[in-house]
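To keep things clear, I will list the structure first and then write my remarks on it.
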Amino acid sequence: RSQALGGNSYQFYSSEMNIKALENLAMASALHDAIARDELELHYQPQVDLASGEIIGMEALARWRHPQHGMVSPMVFIPLAEETGQISLIGAWVLREACRQNKAWQDEGLPPLRVAVNLSARQFCQRDITAIVAQALADTGLESRFLELEITESMLMHDVNATISIMQQLKELGISFSLDDFGTGYSSLSYLKRFPIETLKIDQSFVRDIPHDKDDSAIAAAIIAMASALGIKVIAEGVETPEQLAFLNTQKCTGMQGYYFSKPLPSEEFAQLLRQGKTLDTSS
Ligand code: C2E
Ligand code: MG
Ligand code: MG
Ligand code: MG
(Lines give C-alpha, C1' and ligand atoms only; values in the text may rest on other atoms or scores of the structure.)
(Ligands and ions follow the chains in the order given, each with its own letter.)
Protein backbone atom coordinates (compact mmCIF):
# COMPACT_ATOMS: atom_id res chain seq x y z
CA ARG A 1 0.00 0.00 0.00
CA SER A 2 2.69 2.50 0.96
CA GLN A 3 4.51 1.67 -2.32
CA ALA A 4 1.59 2.51 -4.53
CA LEU A 5 0.87 5.72 -2.69
CA GLY A 6 4.51 6.81 -2.56
CA GLY A 7 7.08 6.82 0.18
CA ASN A 8 5.41 9.36 2.41
CA SER A 9 2.08 7.68 2.90
CA TYR A 10 3.22 5.39 5.69
CA GLN A 11 4.78 8.24 7.60
CA PHE A 12 1.67 10.34 7.13
CA TYR A 13 -0.52 7.57 8.45
CA SER A 14 1.72 7.01 11.40
CA SER A 15 1.85 10.66 12.42
CA GLU A 16 -1.95 10.79 12.24
CA MET A 17 -2.01 7.86 14.62
CA ASN A 18 0.26 9.78 16.96
CA ILE A 19 -2.00 12.80 16.93
CA LYS A 20 -4.96 10.55 17.70
CA ALA A 21 -3.06 8.91 20.55
CA LEU A 22 -2.04 12.29 21.93
CA GLU A 23 -5.62 13.52 21.69
CA ASN A 24 -6.77 10.43 23.57
CA LEU A 25 -4.15 11.03 26.21
CA ALA A 26 -5.19 14.65 26.60
CA MET A 27 -8.85 13.60 26.77
CA ALA A 28 -8.06 10.94 29.34
CA SER A 29 -6.22 13.39 31.54
CA ALA A 30 -9.01 15.96 31.19
CA LEU A 31 -11.54 13.25 32.05
CA HIS A 32 -9.53 12.54 35.17
CA ASP A 33 -10.34 16.05 36.41
CA ALA A 34 -13.87 16.21 35.04
CA ILE A 35 -15.57 15.08 38.24
CA ALA A 36 -13.54 17.37 40.47
CA ARG A 37 -14.25 20.28 38.11
CA ASP A 38 -17.94 19.49 38.08
CA GLU A 39 -17.99 19.00 34.30
CA LEU A 40 -20.10 15.83 34.29
CA GLU A 41 -23.85 15.99 34.32
CA LEU A 42 -26.79 13.68 33.80
CA HIS A 43 -29.58 14.21 31.34
CA TYR A 44 -32.85 12.33 31.72
CA GLN A 45 -35.05 10.78 29.07
CA PRO A 46 -38.61 9.78 29.96
CA GLN A 47 -39.93 6.27 29.43
CA VAL A 48 -43.62 6.10 28.65
CA ASP A 49 -46.23 3.42 29.28
CA LEU A 50 -47.97 2.73 25.97
CA ALA A 51 -51.31 1.75 27.51
CA SER A 52 -51.76 4.86 29.67
CA GLY A 53 -49.44 7.32 27.92
CA GLU A 54 -47.93 8.22 31.27
CA ILE A 55 -44.28 8.66 32.16
CA ILE A 56 -43.27 5.54 34.09
CA GLY A 57 -39.57 6.09 34.45
CA MET A 58 -36.47 7.74 33.10
CA GLU A 59 -33.03 6.85 31.89
CA ALA A 60 -30.05 8.81 33.20
CA LEU A 61 -27.56 9.59 30.41
CA ALA A 62 -24.13 10.98 31.18
CA ARG A 63 -22.83 14.16 29.54
CA TRP A 64 -19.41 15.76 29.77
CA ARG A 65 -19.23 19.50 29.36
CA HIS A 66 -15.62 19.78 28.21
CA PRO A 67 -14.16 23.30 28.67
CA GLN A 68 -12.77 23.36 25.09
CA HIS A 69 -14.71 20.72 23.14
CA GLY A 70 -18.20 21.45 24.44
CA MET A 71 -20.53 18.51 25.07
CA VAL A 72 -18.68 15.24 24.64
CA SER A 73 -20.81 12.19 23.82
CA PRO A 74 -20.84 9.26 26.26
CA MET A 75 -20.09 7.11 23.19
CA VAL A 76 -16.66 8.77 23.29
CA PHE A 77 -15.84 9.20 26.96
CA ILE A 78 -17.39 6.06 28.45
CA PRO A 79 -15.23 3.72 26.29
CA LEU A 80 -12.25 5.94 27.07
CA ALA A 81 -13.00 5.70 30.78
CA GLU A 82 -13.27 1.93 30.46
CA GLU A 83 -9.86 1.78 28.80
CA THR A 84 -8.15 3.91 31.42
CA GLY A 85 -9.92 2.45 34.44
CA GLN A 86 -11.59 5.78 35.25
CA ILE A 87 -14.94 4.08 34.79
CA SER A 88 -15.09 3.03 38.47
CA LEU A 89 -14.95 6.64 39.60
CA ILE A 90 -17.28 7.94 36.88
CA GLY A 91 -19.67 5.03 37.26
CA ALA A 92 -19.93 5.55 41.00
CA TRP A 93 -20.54 9.27 40.44
CA VAL A 94 -23.31 8.55 37.90
CA LEU A 95 -25.03 6.12 40.28
CA ARG A 96 -24.94 8.50 43.20
CA GLU A 97 -26.01 11.53 41.17
CA ALA A 98 -28.96 9.67 39.60
CA CYS A 99 -30.10 8.50 43.05
CA ARG A 100 -29.61 11.94 44.59
CA GLN A 101 -31.57 13.70 41.85
CA ASN A 102 -34.37 11.15 41.90
CA LYS A 103 -34.72 11.47 45.69
CA ALA A 104 -34.71 15.28 45.41
CA TRP A 105 -37.59 15.13 42.90
CA GLN A 106 -39.53 12.82 45.19
CA ASP A 107 -38.92 15.14 48.16
CA GLU A 108 -40.23 18.00 46.04
CA GLY A 109 -43.48 16.07 45.69
CA LEU A 110 -43.15 15.00 42.07
CA PRO A 111 -44.65 11.59 41.21
CA PRO A 112 -42.12 8.92 42.30
CA LEU A 113 -40.41 7.30 39.32
CA ARG A 114 -37.73 4.73 38.76
CA VAL A 115 -34.43 5.91 37.37
CA ALA A 116 -32.45 3.62 35.07
CA VAL A 117 -28.66 3.83 35.17
CA ASN A 118 -26.36 2.29 32.55
CA LEU A 119 -23.67 -0.03 33.85
CA SER A 120 -20.61 -0.64 31.71
CA ALA A 121 -19.06 -4.10 31.47
CA ARG A 122 -16.03 -3.22 33.53
CA GLN A 123 -18.12 -1.58 36.19
CA PHE A 124 -20.33 -4.66 36.44
CA CYS A 125 -17.25 -6.84 36.95
CA GLN A 126 -15.95 -4.72 39.81
CA ARG A 127 -15.66 -6.88 42.89
CA ASP A 128 -17.51 -4.38 45.06
CA ILE A 129 -20.31 -3.36 42.68
CA THR A 130 -23.02 -4.45 45.15
CA ALA A 131 -21.43 -2.36 47.90
CA ILE A 132 -21.14 0.65 45.57
CA VAL A 133 -24.82 0.46 44.63
CA ALA A 134 -25.85 -0.05 48.27
CA GLN A 135 -23.72 2.94 49.28
CA ALA A 136 -25.29 5.21 46.62
CA LEU A 137 -28.75 4.28 47.93
CA ALA A 138 -27.77 4.70 51.57
CA ASP A 139 -26.03 8.06 51.02
CA THR A 140 -28.94 9.55 49.10
CA GLY A 141 -31.83 7.89 50.92
CA LEU A 142 -33.41 6.69 47.67
CA GLU A 143 -35.50 3.55 48.10
CA SER A 144 -34.02 0.69 46.09
CA ARG A 145 -37.23 0.04 44.16
CA PHE A 146 -36.70 3.39 42.44
CA LEU A 147 -33.39 2.29 40.93
CA GLU A 148 -32.94 0.14 37.85
CA LEU A 149 -29.64 -0.97 36.34
CA GLU A 150 -29.25 -1.33 32.57
CA ILE A 151 -26.86 -4.01 31.41
CA THR A 152 -26.17 -5.41 27.95
CA GLU A 153 -26.30 -8.92 26.51
CA SER A 154 -22.53 -9.23 26.15
CA MET A 155 -22.21 -8.79 29.91
CA LEU A 156 -24.35 -11.91 30.42
CA MET A 157 -22.17 -14.09 28.23
CA HIS A 158 -18.85 -14.15 30.08
CA ASP A 159 -19.31 -16.20 33.21
CA VAL A 160 -22.97 -17.09 33.50
CA ASN A 161 -22.93 -18.36 37.08
CA ALA A 162 -20.88 -15.45 38.39
CA THR A 163 -23.15 -13.00 36.57
CA ILE A 164 -26.31 -14.56 37.99
CA SER A 165 -24.84 -14.43 41.48
CA ILE A 166 -23.90 -10.72 41.18
CA MET A 167 -27.35 -9.95 39.79
CA GLN A 168 -29.01 -11.87 42.63
CA GLN A 169 -27.04 -9.92 45.22
CA LEU A 170 -28.10 -6.64 43.63
CA LYS A 171 -31.66 -7.82 43.28
CA GLU A 172 -31.73 -8.65 46.98
CA LEU A 173 -31.11 -4.97 47.63
CA GLY A 174 -34.41 -4.38 45.86
CA ILE A 175 -33.22 -2.93 42.56
CA SER A 176 -34.35 -4.21 39.15
CA PHE A 177 -32.55 -4.96 35.89
CA SER A 178 -33.21 -4.11 32.29
CA LEU A 179 -31.38 -5.46 29.28
CA ASP A 180 -30.24 -2.63 27.00
CA ASP A 181 -29.74 -2.72 23.22
CA PHE A 182 -31.57 -6.04 23.01
CA GLY A 183 -31.27 -7.89 19.72
CA THR A 184 -27.73 -6.78 18.95
CA GLY A 185 -26.14 -9.66 20.87
CA TYR A 186 -26.55 -13.36 20.47
CA SER A 187 -28.72 -14.39 23.36
CA SER A 188 -32.04 -16.13 22.96
CA LEU A 189 -35.03 -15.21 25.05
CA SER A 190 -35.12 -18.65 26.69
CA TYR A 191 -31.50 -18.17 27.74
CA LEU A 192 -32.46 -14.82 29.25
CA LYS A 193 -34.95 -16.47 31.59
CA ARG A 194 -32.00 -17.63 33.68
CA PHE A 195 -31.23 -14.03 34.62
CA PRO A 196 -33.39 -11.82 36.85
CA ILE A 197 -34.36 -9.35 34.11
CA GLU A 198 -37.56 -7.35 34.38
CA THR A 199 -37.40 -5.36 31.15
CA LEU A 200 -35.97 -5.72 27.65
CA LYS A 201 -35.09 -2.64 25.68
CA ILE A 202 -35.38 -3.28 21.95
CA ASP A 203 -32.34 -1.73 20.32
CA GLN A 204 -33.08 1.37 18.26
CA SER A 205 -31.55 -0.21 15.16
CA PHE A 206 -34.64 -2.47 14.97
CA VAL A 207 -37.04 0.37 15.67
CA ARG A 208 -35.62 2.87 13.16
CA ASP A 209 -37.16 1.38 10.01
CA ILE A 210 -40.43 -0.03 11.28
CA PRO A 211 -43.03 -0.36 9.92
CA HIS A 212 -41.51 -0.07 6.40
CA ASP A 213 -38.74 -2.64 6.84
CA LYS A 214 -40.49 -6.01 7.00
CA ASP A 215 -37.57 -7.84 8.65
CA ASP A 216 -37.12 -5.28 11.41
CA SER A 217 -40.87 -5.18 11.97
CA ALA A 218 -40.97 -8.97 12.26
CA ILE A 219 -38.04 -8.98 14.69
CA ALA A 220 -39.57 -6.28 16.88
CA ALA A 221 -42.96 -8.05 16.85
CA ALA A 222 -41.31 -11.38 17.77
CA ILE A 223 -39.35 -9.86 20.66
CA ILE A 224 -42.51 -8.23 22.01
CA ALA A 225 -44.60 -11.41 21.69
CA MET A 226 -42.04 -13.70 23.29
CA ALA A 227 -41.17 -11.29 26.09
CA SER A 228 -44.84 -10.91 26.88
CA ALA A 229 -45.27 -14.68 26.98
CA LEU A 230 -42.36 -14.87 29.43
CA GLY A 231 -43.70 -12.05 31.60
CA ILE A 232 -40.90 -9.64 30.68
CA LYS A 233 -41.69 -5.97 29.96
CA VAL A 234 -40.49 -4.37 26.73
CA ILE A 235 -39.39 -0.83 26.05
CA ALA A 236 -38.78 0.18 22.44
CA GLU A 237 -35.82 2.55 22.15
CA GLY A 238 -35.40 5.34 19.63
CA VAL A 239 -39.07 5.87 18.77
CA GLU A 240 -39.25 8.98 16.58
CA THR A 241 -42.41 8.77 14.47
CA PRO A 242 -46.16 8.24 14.92
CA GLU A 243 -45.91 5.30 12.48
CA GLN A 244 -43.42 3.53 14.72
CA LEU A 245 -45.63 4.25 17.71
CA ALA A 246 -48.74 2.89 15.97
CA PHE A 247 -46.91 -0.30 15.06
CA LEU A 248 -45.70 -0.80 18.64
CA ASN A 249 -49.21 -0.23 19.93
CA THR A 250 -50.60 -2.85 17.58
CA GLN A 251 -47.99 -5.29 18.86
CA LYS A 252 -48.91 -4.48 22.48
CA CYS A 253 -45.45 -3.27 23.37
CA THR A 254 -45.42 -2.15 27.02
CA GLY A 255 -43.34 0.99 26.78
CA MET A 256 -41.37 3.41 24.66
CA GLN A 257 -38.49 5.83 24.91
CA GLY A 258 -37.53 8.19 22.12
CA TYR A 259 -37.42 11.63 20.57
CA TYR A 260 -41.07 11.33 19.52
CA PHE A 261 -42.00 11.92 23.16
CA SER A 262 -38.86 13.66 24.40
CA LYS A 263 -35.11 13.90 23.94
CA PRO A 264 -32.92 13.40 27.00
CA LEU A 265 -33.24 16.64 28.98
CA PRO A 266 -31.11 18.52 31.50
CA SER A 267 -32.49 17.87 34.99
CA GLU A 268 -34.33 21.18 35.33
CA GLU A 269 -36.16 20.71 32.00
CA PHE A 270 -37.01 17.15 32.90
CA ALA A 271 -38.51 18.33 36.19
CA GLN A 272 -40.61 20.84 34.20
CA LEU A 273 -41.98 17.98 32.11
CA LEU A 274 -42.98 16.13 35.29
CA ARG A 275 -44.56 19.20 36.83
CA GLN A 276 -46.61 19.75 33.67
CA GLY A 277 -47.72 16.10 33.87
CA LYS A 278 -47.00 15.64 30.16
CA THR A 279 -48.45 12.44 28.70
CA LEU A 280 -48.19 10.65 25.37
CA ASP A 281 -51.15 10.74 23.03
CA THR A 282 -51.39 7.08 22.03
CA SER A 283 -54.61 7.45 20.06
CA SER A 284 -52.84 7.97 16.70
P1 C2E B 1 -28.17 3.69 25.50
O2 C2E B 1 -28.09 3.31 26.92
O3 C2E B 1 -28.71 2.68 24.56
O4 C2E B 1 -29.00 5.04 25.48
C5 C2E B 1 -29.87 5.40 24.46
C6 C2E B 1 -29.24 6.38 23.51
O7 C2E B 1 -30.13 6.65 22.46
C8 C2E B 1 -28.92 7.74 24.14
O9 C2E B 1 -27.74 8.25 23.51
C10 C2E B 1 -30.15 8.56 23.73
O11 C2E B 1 -29.90 9.95 23.70
C12 C2E B 1 -30.39 8.02 22.36
N13 C2E B 1 -31.79 8.18 21.93
C14 C2E B 1 -32.90 8.18 22.69
N15 C2E B 1 -34.01 8.34 21.94
C16 C2E B 1 -33.59 8.43 20.67
C17 C2E B 1 -34.30 8.61 19.41
O18 C2E B 1 -35.52 8.70 19.33
N19 C2E B 1 -33.52 8.65 18.29
C20 C2E B 1 -32.16 8.55 18.35
N21 C2E B 1 -31.48 8.61 17.19
N22 C2E B 1 -31.48 8.38 19.51
C23 C2E B 1 -32.20 8.33 20.65
P24 C2E B 1 -26.58 8.92 24.34
O25 C2E B 1 -27.15 9.70 25.49
O26 C2E B 1 -25.67 9.58 23.39
O27 C2E B 1 -25.84 7.66 24.99
C28 C2E B 1 -25.19 6.74 24.17
C29 C2E B 1 -24.77 5.52 24.94
O30 C2E B 1 -23.75 5.86 25.89
C31 C2E B 1 -25.88 4.89 25.77
O32 C2E B 1 -26.69 4.10 24.95
C33 C2E B 1 -25.07 4.10 26.77
O34 C2E B 1 -24.65 2.89 26.22
C35 C2E B 1 -23.86 4.99 26.98
N36 C2E B 1 -24.02 5.76 28.23
C37 C2E B 1 -24.65 6.94 28.43
N38 C2E B 1 -24.58 7.32 29.71
C39 C2E B 1 -23.90 6.34 30.36
C40 C2E B 1 -23.48 6.13 31.73
O41 C2E B 1 -23.78 6.92 32.64
N42 C2E B 1 -22.78 4.99 32.00
C43 C2E B 1 -22.46 4.08 31.03
N44 C2E B 1 -21.76 2.98 31.36
N45 C2E B 1 -22.83 4.24 29.74
C46 C2E B 1 -23.54 5.35 29.42
MG1 MG C 1 -29.31 2.52 28.23
MG1 MG D 1 -29.94 1.24 24.35
MG1 MG E 1 -26.85 1.91 22.79
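The values are calculated or read from the model by the stated rules, or taken from the named source; none is laboratory data. Here the structure is a predicted model, which is why all the values come from computation and not from measurement. Methodologically, a virtual Cβ is constructed for each residue, glycine included, from the backbone with ideal geometry; neighbour enumeration extends over all protein chains shown. Protein only, heavy atoms only, side chains kept; ligands, DNA and RNA dropped before computing areas. Shrake-Rupley method; radii C 1.70, N 1.55, O 1.52, S 1.80 Å.
Which one is nearest to ligand 4 (Cβ to nearest atom) among residues in region 139-168 that are of a type in the set (S, T, N, Q) and within 15 Å of the chain's Cα centre (by Cα)? Residue satisfying both the conditions and the ranking: Thr152.
Would you pick out the residues in region 198-232 that are assigned to a strand (DSSP E or B) and away from ligand 3 (no atom under 15 Å from the Cβ)? Full working, then the answer.
Initial filter on region 198-232 (assigned to a strand (DSSP E or B)): 199-202.
Residues satisfying the conditions do not exist here.
Taken over region 169-181, the criterion of being within 19 Å of the chain's Cα centre (by Cα) and either loosely packed, with under 14 Cβ neighbours inside 10 Å or of a type in the set (Ser, Thr, Tyr) (or both) is satisfied by Ser176, Ser178.
If you go through region 79-97 one residue at a time, how many are within 16 Å of ligand 3 (Cβ to nearest atom) and surrounded by 22 or more Cβ atoms within 10 Å (Cβ to Cβ)?
From region 79-97, those within 16 Å of ligand 3 (Cβ to nearest atom) are 79, 94; that's our starting set.
When the remaining residues are screened for being surrounded by 22 or more Cβ atoms within 10 Å (Cβ to Cβ), the result is 94.
Qualifying residue count, region 79-97: 1.
Being within 16 Å of ligand 2 (Cβ to nearest atom) and in contact with a strand residue (DSSP E or B) (Cβ under 7 Å, 6 or more places away or on another chain) is a condition met by no residue of region 242-252.
With the structure loaded, tell me whether Pro264 is in contact with a helix residue (DSSP H, G or I) (Cβ under 6 Å, 6 or more places away or on another chain) and either within 16 Å of ligand 4 (Cβ to nearest atom) or open to solvent by less than 40 Å² (accessible area, probe 1.4 Å) (or both) or whether it fails that test. The answer is no for Pro264.
Looking only at region 209-251, residues that are touching a helix residue (DSSP H, G or I) at 6+ places or on another chain (Cβ under 9 Å), open to solvent by 40 Å² or more (accessible area, probe 1.4 Å) and touching a residue at least 60 places away in the same chain (Cβ under 8 Å) come to 0 in all. Checked against (1) at pLDDT 95 or above; (2) in a helix (DSSP H, G or I), Ala30 passes all but a single condition, namely (1).
Out of all the residues in region 160-197, which are in a loop (DSSP other than H, G, I, E, B), within 16 Å of ligand 1 (Cβ to nearest atom) and under 18 Å from Val115 (Cα atoms)? Let's see the steps before the verdict.
Kept after step one, since they are in a loop (DSSP other than H, G, I, E, B), are these residues of region 160-197: 174-175, 183-188, 193-197.
Still in the list and also within 16 Å of ligand 1 (Cβ to nearest atom): 175, 183-185, 197.
Result: Ile175, Ile197.
Arg145 fulfils the conditions (1) open to solvent by less than 60 Å² (accessible area, probe 1.4 Å); (2) away from ligand 2 (no atom under 16 Å from the Cβ); (3) part of a helix (DSSP H, G or I) except for a single criterion, (1). Please go through region 182-202 and pick out each residue that is within 18 Å of the chain's Cα centre (by Cα) and free of Cβ contacts under 8 Å to residues at least 24 places away in the same chain. Matches in region 182-202: none.
Residue-by-condition table, conditions (1) farther than 30 Å from Gln276 by Cβ; (2) of a type in the set (Asp, Glu):
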position	(1), (2)
Ile87	yes, no
Ala92	yes, no
Leu110	no, no
Phe124	yes, no
Asp128	yes, yes
Gln135	yes, no
Glu143	no, yes
Gly185	yes, no
Tyr191	yes, no
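Taking the conditions exactly as written (open to solvent by 50 Å² or more (accessible area, probe 1.4 Å), under 30 Å from Asp107 (Cβ atoms) and in contact with a Leu (Cβ under 9 Å, 6 or more places away or on another chain)), does Gln276 satisfy them or not? First the steps, then the outcome.
Values: open to solvent by 50 Å² or more (accessible area, probe 1.4 Å): yes; under 30 Å from Asp107 (Cβ atoms): yes; in contact with a Leu (Cβ under 9 Å, 6 or more places away or on another chain): no.
No; evaluated as a whole, the condition is false for this residue.
Could you check region 182-208 and list, in sequence order, the residues that are within 16 Å of ligand 2 (Cβ to nearest atom), surrounded by fewer than 16 Cβ atoms within 10 Å (Cβ to Cβ) and among the polar types (S, T, N, Q)? Hits for region 182-208 are Thr184, Ser205.
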